[in-house]
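Visitor: Quick one: the structure is below, and I'll ask about it shortly.
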Amino acid sequence: MSAAAAGAVAVAFALEAAVAEPPTRLHPVAWLGRAIAPFDREWTRPLAVGALVAVALPLAAAGAVAGLVAVAAEAGELAAGAVAGLALFSATSLRMLLGEARAVVAATGDDPAGARERLRSLAGRDSTDLSAGELRSAAVESAAENLADGLVAPLLAFAAGALVSLPVAAGLAAWVKAVNTLDSMLGYRSKRVGTPSARLDDAVMWLPARLSALLVAAAARDPDALARARDYAAAPPSPNSGWPMATLAAVLGRRLAKPGVYDLPLGAEFPTAAESQRGVRDVGVAGVLAYLLTGLVAYAAGSGVVAWS
C-alpha cells in the first residue's frame, strides 16, 4: 500500500511545517534522553556497557515504533499512515533548526551577546570569544551538519524501510534517531561509555552526510560545489560532518571554521549576514527536497502493510 507510506511522509512534513517540534513532555526523543541519562557516568567496564546500550536502546525504540504502526495497521491503511507519520515527525527536525540558525545570524548585527547565548542551542562550542563572523560561521555550519543528522538520516532510513513495509520504515527511522541521540549525549572522547555509540553513528551517518551535501548543492543549483568541497570534507574530526559543511562553504564561496579545530577555507572571509541567511535558506530547500524524494521513494516502493494485518 504505497499510499500509506507516502501519506506518512506527507503527515510528517505537514506537522513539521505547522508545529516544528512536539511539546517536550510528549517528545519521544526527550523520553529517550531520559532513558540514556543514567548511563552517562563512570563504569568499571565502560566499553562493554556502551556496546550494550548502543545495541539495546535503538533496537528497543525501533521495535516499539514498528509495533505501534503494525497495531495501527489492524485498523486500516489510513491509521497506519497517520501513526507512521507521527513517528517520522518525531524522528526529524528542520523548521526549528532553520529558525535558530536564522536568529543567531540576525543577532550578530546588533546583539552579539545574544547571538553567543543563542548559539548554544545549535553548536557545542565555547562562544565567549567568537567574533560576529565566527558566530555566523557556527550557525551556518550547524545548519548544514544537522540537516544530515536531524533530517536526511531518518528520512533515508524510512525510505529504505519502505521497501519492506511501513512498520519497518517507521522503525528504521526511530532506530537512526536513537543512534544519533546516543551519540549526541554520550559520544565524546572524555566518555568511554559513549565510544561504541560514536562509532555506530559514524557508520550510520556515512551515506546521509554525503547525500546531504548533494542536496545542498542541488538546492543552490551549484553541482560543482561538491568537487570544490571534496578537498576539505575531511578537515573536521567527524568523518561525515565535513561533507555538508564544506559543500555549503563552497556554495557560499566563504570560509567556515571552528577555531582551533578545523578550517574550511573555500573563501577568504567569513560569510556576511546576508550570505549566511542565504546559506540557511539553501539548507531549508535541501530539506524540502529530502522530504520530496522520500515521499516519491515511499510511494514507488509500496509499504506492505497487508503483510502485517
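Visitor: Of the numbered conditions (1) surrounded by 17 or more Cβ atoms within 10 Å (Cβ to Cβ); (2) assigned to a helix (DSSP H, G or I); (3) out of contact with any Pro (no Cβ under 9 Å at 6 or more places or on another chain), residue 179 satisfies every one except a single condition; which is it?
Guide: Status for residue 179: all satisfied but (3).
Visitor: On to the next question. Can you list residue pairs whose Cβ atoms sit under 8 Å apart, with the first residue in the range 66-79 being over 14 Å from residue 11 (Cβ atoms) and the second being of a type in the set (S, T, N, Q) and not in a helix (DSSP H, G or I)? Count only pairs 6 or more apart in sequence or on different chains.
Guide: Sorted first by the residue in the range 66-79, then by its partner, the pairs are 73/309; 74/309.
Visitor: Right, residue 300: more than 19 Å from residue 127 (Cβ to Cβ) and either touching a residue at least 60 places away in the same chain (Cβ under 8 Å) or crowded, with 21+ Cβ neighbours inside 10 Å (or both) or not?
Guide: Answer is yes for this residue.
Visitor: How many residues are in contact with a Leu (Cβ under 9 Å, 6 or more places away or on another chain) and either touching a residue at least 24 places away in the same chain (Cβ under 8 Å) or crowded, with 20+ Cβ neighbours inside 10 Å (or both) if we restrict to the range 265-274?
Guide: Counting residues in the range 265-274 that are in contact with a Leu (Cβ under 9 Å, 6 or more places away or on another chain) and either touching a residue at least 24 places away in the same chain (Cβ under 8 Å) or crowded, with 20+ Cβ neighbours inside 10 Å (or both) gives 4.
Visitor: Sort out which residues of the range 120-143 are modelled with pLDDT of 90 or more and over 17 Å from residue 261 (Cα atoms), and write them in order of number.
Guide: 132, 143
Visitor: Being under 20 Å from the mean Cα position of the chain (by Cα) and farther than 21 Å from residue 134 by Cβ narrows it down to one of 290, 249, 227, so name that one.
Guide: None of the other options fit; the residue is 290.
Visitor: Residues 17, 6: which one is surrounded by fewer than 16 Cβ atoms within 10 Å (Cβ to Cβ), in a helix (DSSP H, G or I), in contact (Cβ under 8 Å) with a residue 24 or more places away in the chain and not aromatic (Phe, Trp, Tyr)?
Guide: 17
Visitor: Of everything in the range 247-264, what is of a type outside the set (A, V, I, L, M) and surrounded by 21 or more Cβ atoms within 10 Å (Cβ to Cβ)? Give them in sequence order.
Guide: 247, 254
Visitor: Given the criteria crowded, with 23+ Cβ neighbours inside 10 Å and touching a residue at least 60 places away in the same chain (Cβ under 8 Å), does residue 289 qualify?
Guide: no
Visitor: Could you check how many residues of the range 20-56 are within 18 Å of the chain's Cα centre (by Cα), in a loop (DSSP other than H, G, I, E, B) and under 16 Å from residue 185 (Cβ atoms)?
Guide: So the count comes out to 1.
Visitor: Something else now. Checking residue 250 against (1) small (Gly, Ala, Ser); (2) within 14 Å of residue 139 (Cβ to Cβ); (3) in contact (Cβ under 8 Å) with a residue 24 or more places away in the chain, only one condition comes out false. Which one?
Guide: Every condition holds for residue 250 apart from (2).
Visitor: Search the range 54-98 for residues being of a type in the set (S, T, N, Q) and modelled with pLDDT of 95 or more, and hand back the single one that is surrounded by the fewest Cβ atoms within 10 Å (Cβ to Cβ).
Guide: Result: 90.
The values are calculated or read from the model by the stated rules, or taken from the named source; none is laboratory data. Being a predicted model, the structure only gives us computed values, none of them experimental. Ideal geometry is used to build each Cβ from the backbone, glycine not excepted, and the neighbour counts take in all protein chains shown.
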